[in-house]
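One structure below.
The values are calculated or read from the model by the stated rules, or taken from the named source; none is laboratory data. Keep in mind that this is a model prediction, so the values were computed, not measured. No Cβ is skipped: glycine too gets one built from the backbone with ideal geometry, and neighbour counts run over all protein chains shown. With ligands, DNA and RNA removed, areas are computed over all heavy atoms of the protein, side chains included. Shrake-Rupley method; radii C 1.70, N 1.55, O 1.52, S 1.80 Å.
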Amino acid sequence: MMIRIRSSVHTLLVCVCLAISALPARAHVGSPDVYVEGNAGAYKLSVVVRPPLVIPGVADIELRSQTPGIDRIEITPIPLTGEASKYPPVPDFMQRPFADPQYFTGHLWIMATGSWQIRFTVHGSQGSGVFSAPVPATAIATRAMQPGLGIMLAFLGILLVAGLVSIVGAAAREAQLAPGAEAPPRGRRRAFVAMTITFVLLIGAVVFGNRWWEAEAADYSRYIYKPLEMQAQLQPGNVLDLKLSDPGWLKQRKLDDFIPDHDHLMHLYMLRWPAMDIVFHLHPQPAGTGDFRLALPSVPAAEYRLYADVVHENGFPETIVSSVRLPDISGRALAGDDAEGTSTALNQKDGPAQTSTNYKLPDGYTMVWKRPETLAAKTPYDFTFVLLDPEGQPASDMSLYMGMPGHAAFVKEDGSVFAHVHPSGTASMAALMIAQAQNHQTPEPDPATQNDPMQMPGMNMSRPGLLSTVSFPYGFPGGGIYRIIVQMKHGSIIETGFFDAEVGPAKQIQ
Ligand SMILES: [Cu+2]
């Protein structure tokens, strides 16, 4: 009987913890934290938003201003689109936790799953300004309770049941006795009956409680994020057909509401797997609801892993993961924004192969990574790359690639992390533009921030003097080996550089 109680109590506790302990959202794969850079009026901000572990839950926000003079910052969580986006709640204020006057932290409740923004209103000596960071918030998985906590809670539960049973027994046996008197056999019998009834009732309560929590957990699990699924199939004529399907999540998710994100409805990274030594950045075209097609370029026979980025109408981004085995294909020539890069295989056994900071490109150019000395998880970095011409000078013929000075993909060796990042950060460009439009900001030309695509009125305009340096704000979600694939464009050539990084565990914040 005791074993049954124990297992029931344990199940109940596990359910409680399943319900309260979910992992957060991810627009990318395995990389939930949002790293963005942008301007609030005269202030250039670097923002990290760590979405909550539960929905509803608290998002942790860190902000560093590259511009001095800030007096105070108000933060507000608002849905990115819809009627509710017009009625922001009363703002909170960010704190300065350290002596550093340009570093701020804050915490905000995110009350529902969906496409959110955190709006920063900055006041200071250089006037006021507004900036919004899009934050997709979803619970994506459940985490089991720690065994130690489970055993402790189960023990306390048993103690509670045993205590109540013995209290009832003592009351039935001895309540009417004079002090010090021995309980008569009748009293003992009465106590036995009372204890049995109490025990059965308590077991009933535990079983009922368990059922209730199971129902709650099942209900909650419906809200756990399930990314769209994708079936990739080779069709005659070297056409890759990508069929999307919804495994069931929120009813409002659709397969026909995608909006263009930096010029395309879908950005497909196709990597030879697991070597990651050949990478294609391609742009399949819609061919019906939830159906995308792509005429393949020439590819060698291999297994390829596919990461497809799309953005829904409400600014909610998804990365759809799939894989496909392709035969040798002699396909079309690459054209437009499509690009290909080749490197050495990611050496999974003996550590990173491309640990150097200089990546030699086939046309004599070199891509250089200003690599930090050490890389730790959960730490915001500016990943800075420079494109040098064959003479070793910064390339002077730079052009924008899909409206931006560069695109980077951070891929973990086991494929569990994939993040497609831009100079403005990890947020999708489409979501950033929705947020920016609401802030009614007119972009001001500023040579110091010309790498920032939000500063560019016509994102496709090629501008003379575009810097050959590009920076991506990002932080690794965890330790391990990552391949960073960086693309920049000069003239009409899209260059693809490969860099490998060994990332240590997260550092304790001082
Ligand atoms: Cu991109």
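When Lys and Arg each count +1 and Asp and Glu each count -1, what net charge do the other residues less than 14 Å away from Asn314, Cβ to Cβ, add up to?
Net charge in that neighbourhood comes out at -3.
Remind me, relative contact order of the chain in percent, using alpha carbon pairs under 8 angstrom and six or more residues apart?
It rounds to 15 percent for the chain.
Would you work out which of Pro91, Gln393, Tyr304 lies farthest towards the positive end of the dipole of the chain, given +1 charges on the beta-carbon of Lys and Arg and -1 on that of Asp and Glu, about the Cα centre?
Pro91
Taking the Cα centre of the chain as origin, work out the dipole magnitude from +1 charges on Lys and Arg Cβ and -1 charges on Asp and Glu Cβ, in debye rounded to 20. Working shown, then result.
Details: 38 positive and 46 negative charges, 520 e Å.
Taking the Cα centre of the chain as origin, the dipole is about 2500 debye.
Tell me the net charge near Gly479. Cut-off is 13 Å between Cβ atoms, Gly479 excluded, with +1 for each Lys or Arg and -1 for each Asp or Glu.
0
Among 126-132, 391-397, 28-34, 225-231, what's the highest-first ranking by average C-beta atoms within 10 angstrom per residue? All intermediate terms of the calculation are to be shown ahead of the outcome.
Values: 126-132: 19.7, 391-397: 12.6, 28-34: 23.7, 225-231: 17.0.
Packing order, densest peptide first, comes out as 28-34, 126-132, 225-231, 391-397.
Grab the other residues whose beta carbon is less than 13 angstrom from that of Pro300, score K and R as +1, D and E as -1, and report the net.
So the environment of Pro300 carries a net charge of -2.
Suppose the chain between Ile493 and Asn439 were pulled fully straight at 0.36 nm per residue; how much longer would it get relative to their current alpha carbon spacing?
Details: separation 54, 0.36 × 54 = 19.44 nm, distance 3.57 nm.
Additional length available on full extension: 15.9 nm.
Using only the alpha carbons of the chain, what is the convex hull's orientation-averaged projected area in square nanometres?
32.0
What are the trypsin sites (Lys or Arg not before Pro) within segment 191-269 that DSSP puts in a loop, where the Cβ has at most 11 other Cβ atoms within 10 Å? Provide the component values of the computation, followed by the final result.
On the way: sites: Arg211, Arg222, Lys243, Lys251, Arg253, Lys254; in loops: Arg222, Lys251, Arg253, Lys254.
Hits after loop and neighbour filter: Arg222, Lys251.
Could you work out the helix-only [θ] at 222 nm for the chain, with each DSSP H run of four or more residues adding -39,500 (n - 2.57) and the total divided by the number of residues, to the nearest 500 deg cm²/dmol?
Numbers: 4 runs with 94 residues, N = 510.
Counting only the DSSP helices, I get -6500 deg cm²/dmol.
Alpha carbon centre of segment 275-295 versus segment 107-141: separation in Å?
32
At 1.4 Å probe radius, can you tell me the per residue accessible area of the chain in Å²?
About 45 Å² of surface per residue is accessible.
Just how large is the dipole of segment 31-140 about the Cα centre, in debye to the nearest 20, putting +1 at every Lys and Arg Cβ and -1 at every Asp and Glu Cβ?
100
Which FRET efficiency, nearest 0.05, do Gln66 and Asp389 yield, Cβ-Cβ r, R0 30 Å?
Calculated transfer efficiency: 0.55.
Under 17 Å from the 7 Å Cα→Cβ point of Ala112, by amide nitrogen: which residues of segment 75-92?
Those under the cut-off are 77-90.
Given a 1.4 Å probe and every protein chain left where it sits, what share in percent of the accessible area of the chain is carbon and sulfur?
Details: 13700 of 23190 Å².
Within the chain, the accessible surface is 59 percent carbon and sulfur.
Report the Cα centroid-to-centroid distance between segment 210-245 and segment 151-196 in angstrom, as an integer.
Cα centroid to Cα centroid, the span is 53 Å.
Based solely on C-alpha atoms, express the radius of gyration and the Dmax of segment 260-400 in angstrom.
When restricted to Cα atoms, segment 260-400 yields Rg and Dmax of 17.4, 49 Å.
Take the Cβ-Cβ distance between Ala175 and Ala215 as r, set R0 to 35 Å, and report the resulting FRET efficiency rounded to the nearest 0.05.
Here the calculated transfer efficiency is 0.35.
Once you put a point 7 Å from the Cα of Val207 and another 7 Å from the Cα of Glu303, both along the Cβ direction, what distance in nm separates them?
Label-label distance for Val207 and Glu303, simple model: 4.8 nm.
Of Lys86/Lys412; Lys44/Lys251; Lys360/Lys412; Lys44/Lys378; Lys251/Lys378; Lys44/Lys489, which sit over 29 Å apart, Cα to Cα?
Those over the limit are Lys86/Lys412; Lys44/Lys251; Lys251/Lys378.
Can you give me the Rg/Rh ratio for segment 31-140, using Cα atoms for both radii and the Kirkwood formula for Rh?
0.96
When only Cα pairs under 8 Å and 6 or more residues apart are kept, what is the percent relative contact order across segment 31-140?
31
Given labels modelled 7 Å from the Cα in the Cβ direction, how far is it in nm from Glu340 to Lys507?
Spacing of the two 7 Å Cα→Cβ label points: 4.2 nm.
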